[in-house]
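A.B. asks: So that we are looking at the same thing, I have put the structure below in structure tokens.
The values are calculated or read from the model by the stated rules, or taken from the named source; none is laboratory data. Note that the structure is predicted; figures quoted are calculated from it, not measured. So basically every Cβ, Gly included, is an ideal-geometry build from the backbone, and we count neighbours across all protein chains shown.
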Amino acid sequence: MRGTPVLNPSGIRGQRWLSVILVWILVGIAVHARPAPQERPSSTASLLLLHTNDIHDILKAPRGNTLGGIAYVSGYIHQVRAMRDDVVALDAGDILEKGDFLGLASKGEASYRALGAVGYDATVPGNHDFVFGMGQLRRNIEASGIPMLCANIIYEDTKEFVFQPSREIRKGGVRIGLIGASVGRDNVFESGRRITTVRHPELGKRIASIAAEVNHRTDIQIVVLHGGTWAAQAVAKAVPEVDVVVAGHTNEVTTTPMVAPTGALIVEVGRAGQWVGSLDMVVDLDAKKIASYQYRMIPMDRKKIPEDKELTKRLEEWEKQFCPEGGDGLSNAPKKQPRNKNGRKGP
């Protein structure tokens, strides 16, 4: 009678069983020894915002002042872009009036063409930009090739947007939502249709609606507002998703960004292209917020800033085209800069 088979460690079958048992023991040890999962570090990317506002037809280098001239603004922005691929350049409106005769003689065309040569990613309509009527403003925008954004200027009859309200772009590794707004101008018509400007608090609601719509497609949201820092504070309060407000209209100088209660940064850089604001940010792509930043106002010192000589040449050609009777078409830059809400003056 056969007995019950037993495991013989010295036999081949026994060795196989021992191998299986040993493998399972090692697997168990490995599983229990595995370190606890750690929180994934945040993904970040850099973004450099360069901004201007209230150029006001100051195209050629002003007399009696070493700062300014659109060719130097252009030279600086092109120089920075040659070194970095994460640059967004924005202008907060009022391209026209109060400046060189060339801007007046060309009904703003030369000024907008110069803006296009700088290569801004967007601008907004300032109240002075409507001075020659909507037809001419449309032609000027087309001549510049720059998107003009505005979410609160609408046709009174249909409530449709007069301008593209927003734009989404990518710079480096950052997806950016740009939203435009402006104080607008009264008594503006286009093809017999009255144009009106939506103001606070409805302005905040409109921007909030757009911000909510694009939030899932963007990492950071910037409002370009021709309305001054007070209006920028109101927009930031109404729209917590907004990270930066680039302001214009009041010609204020924010040597340090104003920080809204929501954390939004508010900047404005005087007038006449005498400075370019430089907001260098690290963006937390997971949290969708600015992790850190450095801010500088770069003086457009003609002794230090490279000139866009091609743009200077074009300005001379436009001067011959639009000012055939001669004259250099210059006007003087302002001697004083207004104080901002914190009482600081520009450098």
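A.B. asks: I'm told Lys288 meets every condition in (1) within 24 Å of Asn65 (Cα to Cα); (2) surrounded by fewer than 17 Cβ atoms within 10 Å (Cβ to Cβ) except one. Can you identify the failing condition by its number?
C.D. replies: (1)
A.B. asks: Collect the residues in the range 61-74 that are buried (at least 22 other Cβ atoms within 10 Å of the Cβ) and either more than 19 Å from Gly277 (Cα to Cα) or not hydrophobic (A, V, I, L, M, F, W, C) (or both), keeping them in residue-number order.
C.D. replies: Pro62, Gly68, Gly69, Tyr72, Ser74
A.B. asks: Look through the range 86-103, keep the residues that are surrounded by fewer than 22 Cβ atoms within 10 Å (Cβ to Cβ) and either modelled with pLDDT under 95 or in a helix (DSSP H, G or I) (or both), and return whichever of them is nearest to the chain's Cα centre (by Cα).
C.D. replies: That would be Glu97.
A.B. asks: What pairs can you find where one residue is in the range 73-101 and within 18 Å of Arg302 (Cα to Cα), the other is assigned to a loop (DSSP other than H, G, I, E, B) and among the aromatic types (Phe, Trp, Tyr), and their Cβ atoms are less than 9 Å apart, with a gap of 6+ or different chains?
C.D. replies: Short answer, once both residue conditions are applied: Ile77/Tyr120.
A.B. asks: Taking the criterion of being in contact (Cβ under 8 Å) with a residue 12 or more places away in the chain, closer than 27 Å to Ala61 by Cα, in contact with a helix residue (DSSP H, G or I) (Cβ under 6 Å, 6 or more places away or on another chain) and not hydroxyl-bearing (Ser, Thr, Tyr), would at least one residue in the range 289-296 satisfy it?
C.D. replies: Within the range 289-296 (the criterion being in contact (Cβ under 8 Å) with a residue 12 or more places away in the chain, closer than 27 Å to Ala61 by Cα, in contact with a helix residue (DSSP H, G or I) (Cβ under 6 Å, 6 or more places away or on another chain) and not hydroxyl-bearing (Ser, Thr, Tyr)), the answer is no, since none of the residues qualifies.
A.B. asks: Quick check on Arg175: is it under 26 Å from Lys288 (Cα atoms) and modelled with pLDDT of 95 or more?
C.D. replies: So Arg175 fits the description; yes.
A.B. asks: Let me ask something additional. Spot the failing condition for Val244; the list is (1) surrounded by fewer than 18 Cβ atoms within 10 Å (Cβ to Cβ); (2) within 23 Å of Lys171 (Cα to Cα); (3) not polar (S, T, N, Q), and only one is missed.
C.D. replies: (1)
A.B. asks: Name the one entry in Tyr120, Tyr112 that is surrounded by fewer than 24 Cβ atoms within 10 Å (Cβ to Cβ), closer than 23 Å to Ala61 by Cα and out of contact with any Pro (no Cβ under 7 Å at 6 or more places or on another chain).
C.D. replies: Going through Tyr120, Tyr112 in turn, just one is surrounded by fewer than 24 Cβ atoms within 10 Å (Cβ to Cβ), closer than 23 Å to Ala61 by Cα and out of contact with any Pro (no Cβ under 7 Å at 6 or more places or on another chain): Tyr120.
A.B. asks: Can you tell which of Ile154, Ile58 is touching an Asp or Glu at 6+ places or on another chain (Cβ under 9 Å) and at pLDDT 95 or above?
C.D. replies: Checking each option against the conditions leaves just Ile154.
A.B. asks: Follow-up question, since we're still on this one. Tell me whether the range 222-242 contains one or more residues that are closer than 22 Å to Lys159 by Cβ, without any contact (Cβ under 8 Å) to a residue 24 or more places away in the chain and more than 16 Å from the chain's Cα centre (by Cα).
C.D. replies: The answer is no; no qualifying residue exists.
Residues checked against (1) free of Cβ contacts under 8 Å to residues at least 12 places away in the same chain; (2) more than 23 Å from the chain's Cα centre (by Cα); (3) more than 23 Å from Ala114 (Cα to Cα):
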residue	(1), (2), (3)
Gly135	no, yes, no
Ala143	no, no, no
Ile154	no, no, yes
Phe163	no, no, no
Ile179	no, no, no
Ser182	no, no, no
Val198	no, no, yes
Leu203	no, no, yes
Ser209	yes, no, yes
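A.B. asks: Another question about this same structure. Condition check: over 27 Å from Leu285 (Cβ atoms) and either aliphatic (A, V, I, L, M) or out of contact with any helix residue (DSSP H, G or I) (no Cβ under 7 Å at 6 or more places or on another chain) (or both). Does Leu104 satisfy that?
C.D. replies: The answer is yes for Leu104.
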